[in-house]
Amino acid sequence: MSFFKLNLRSKLGYINLMRKYVIILLILVSIAALMGCGGGPKYVRPDYSSFVWPGSPNPPKIKLLNVVMTDLDFRKRTAAEKMFGEEAFFYFKKPHDVAVDMNNNVLVSDTYRNKVFVLNFDKGAVGELFNPYGWGEVGGVATDNVNGLIGATSGNKVVILDQKSKKVLFTIGPGMDFVRPMGIAFDPVRKIIYVAATRKHELHSFDYQGNHLKQIAYRGTEPGDVYFPTDLAVDSEGRLYVVDTMNWRIDIFGPDGKYLRSFGTNGDTPGTFARPKGIAISNDGFVFVTDAAFGNFQVFDEKGQTYTYVGVPGTGFGMFNQPTGIAIGDDDKIYVVDQTNRRLQIFQYLSPRYLKEHPEEAKAGTNVTKSQ
């Protein structure tokens, strides 16, 4: 009995000693977190505030906000990371397209990893869009924030999901032999889904039950034809804008599917295209187009006149190496997929509406002179 009591006292003494060590360790970790004096390497996010386009003496119209390669570029560090060093849990391999949903989640497709990442910059969170059938060569991604839908191309199909539940509602494409569709866009008012069958050089429209409505365009080089259409966008009037890549132009179709006009031609000067890839339309009607060969994105008015352009080929901030997808949120933030640099660059479009809501930025912008 005495041996049992002695052994029990020893165990209790050991437990109390370990508790003291744990408490001391927690205190040290807390002090280190508060002082920011971690023992591991620190990741310091760059200051992008001076990167604006165009440069002085012109008033800035677009500024760089962030460059995202991993979750470390937008989430908060934990106390342990502050002490022992950061660890990235997410990274891009070959990002392709981007969209923004009604909850301000940024969806980025990655064709190499066959994933659709869901990034929430407000919460510093990263997730994935789940497809019970598995993603196959995931490419284009788009959202309808009025009716709460997500569309993503997967192999030879287009998968339509519900934004809230993230469940698959239906699939477009089986039996149609799309051959790698890449572009998708929603007309939320008329409830039309547009699909660019890229390698078949076709445009199709569908209703919100997945029923085929009509073929809008066929392969060719004449007005109204398409040749390697890669991305789509719909404006507030229901007009469909098509990145007609190998015709080096932007084609515009009416809500009824009739061809209206085009702008752009092959060239190497502003207003022309070499390898246009992605398209987005701002709240005030400007058309943003990425060009993988130019390493930039250009901004046009609705008549196709050049407004400005951002970027040059390279790896620095505000530079691009084969930019592809582009999206614009309701807050006028511009998200651009910088594919070969394996990152997402985020800009602020200094629209008249934005500057009216942020008068301090309108005043501060007159003092910023740097651009690429």
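The values are calculated or read from the model by the stated rules, or taken from the named source; none is laboratory data. Note that the coordinates shown come from a computational prediction; the quantities given were computed from them, not determined experimentally. Ligands, DNA and RNA are stripped out before the accessible areas are found, and what is left, the full protein with its side chains, is counted by its heavy atoms. Shrake-Rupley method; radii C 1.70, N 1.55, O 1.52, S 1.80 Å.
Could you pull the accessible area for residue 330 with a 1.4 Å probe, rounded to 10 Å²?
My reading of the accessible area for residue 330 is about 120 Å².
Using a 1.4 Å probe on the protein chains only, how many percent of the accessible area of the range 48-91 belongs to carbon and sulfur?
Roughly 60 percent, rounded to a whole number.
Explain nothing, just compute: Karplus ³J(HN,Hα) = 6.51 cos²θ - 1.76 cosθ + 1.60, θ = phi - 60°, for every residue of the range 282-292 in order, whole Hz, x for Gly and Pro.
Working through the residues one at a time gives 6, 4, 9, x, 7, 9, 9, 10, 7, 9, 5 Hz.
According to the square roots a ≥ b ≥ c of the eigenvalues of the Cα gyration tensor, what is the shape class of the range 217-372, taking rounded for a/c under 1.5, prolate for a/b larger than b/c otherwise, and oblate for the remainder?
The shape class here is oblate.
What translational diffusion coefficient, to the nearest whole µm²/s, does the range 91-161 have by Stokes-Einstein, given a Kirkwood radius computed over alpha-carbon pairs, a temperature of 20 °C and 1.002 mPa s viscosity?
Approximately 178 µm²/s, per Stokes-Einstein.
Just to verify a number: what accessible area does residue 106 come out at with the full protein assembly present, 1.4 Å probe, Å² rounded to tens?
0
If you roll a 1.4 angstrom probe over the protein chains with everything in place, what fraction of the accessible area of the range 234-360 belongs to carbon and sulfur, to the nearest %?
49
Give, in whole angstrom and from largest to smallest, the semi-axes √(5λ) of the equivalent ellipsoid of the range 138-284, with λ running over the eigenvalues of the Cα gyration tensor.
Equivalent-ellipsoid dimensions as semi-axes: 24, 16, 14 Å.
Would you work out if the range 47-109 is rounded, prolate or oblate? Take a ≥ b ≥ c from the square roots of the eigenvalues of the alpha-carbon gyration tensor; rounded if a/c is under 1.5, else prolate when a/b is larger than b/c, oblate otherwise.
Because a/c hits 1.5 or more and a/b fails to exceed b/c, the range 47-109 counts as oblate.
Roughly how many Å is it from the Cα centre of the range 100-119 to that of the range 204-242, as a whole number?
With the range 100-119 and the range 204-242 each reduced to a Cα centre, they are spaced 23 Å.
Which aspartates and glutamates, if any, have their Cα less than 16 Å from the Cα of residue 167, not counting same-chain residues under 8 positions apart?
Filter leaves 101, 128, 144.
So how do 102, 176 rank on accessible area, 1.4 Å probe, biggest first, that is with the largest at the start?
102, 176
Please tell me which of these pairs span more than 28 angstrom C-alpha to C-alpha: 123/191; 303/356; 258/333; 115/164; 61/115; 93/214?
Where the Cα-Cα span goes over 28 Å, the pairs concerned are 123/191; 258/333; 61/115; 93/214.
Taking a probe of 1.4 Å, how large is the accessible area per residue of the range 245-308, in Å²?
Roughly 40 Å² per residue, with all protein chains present.
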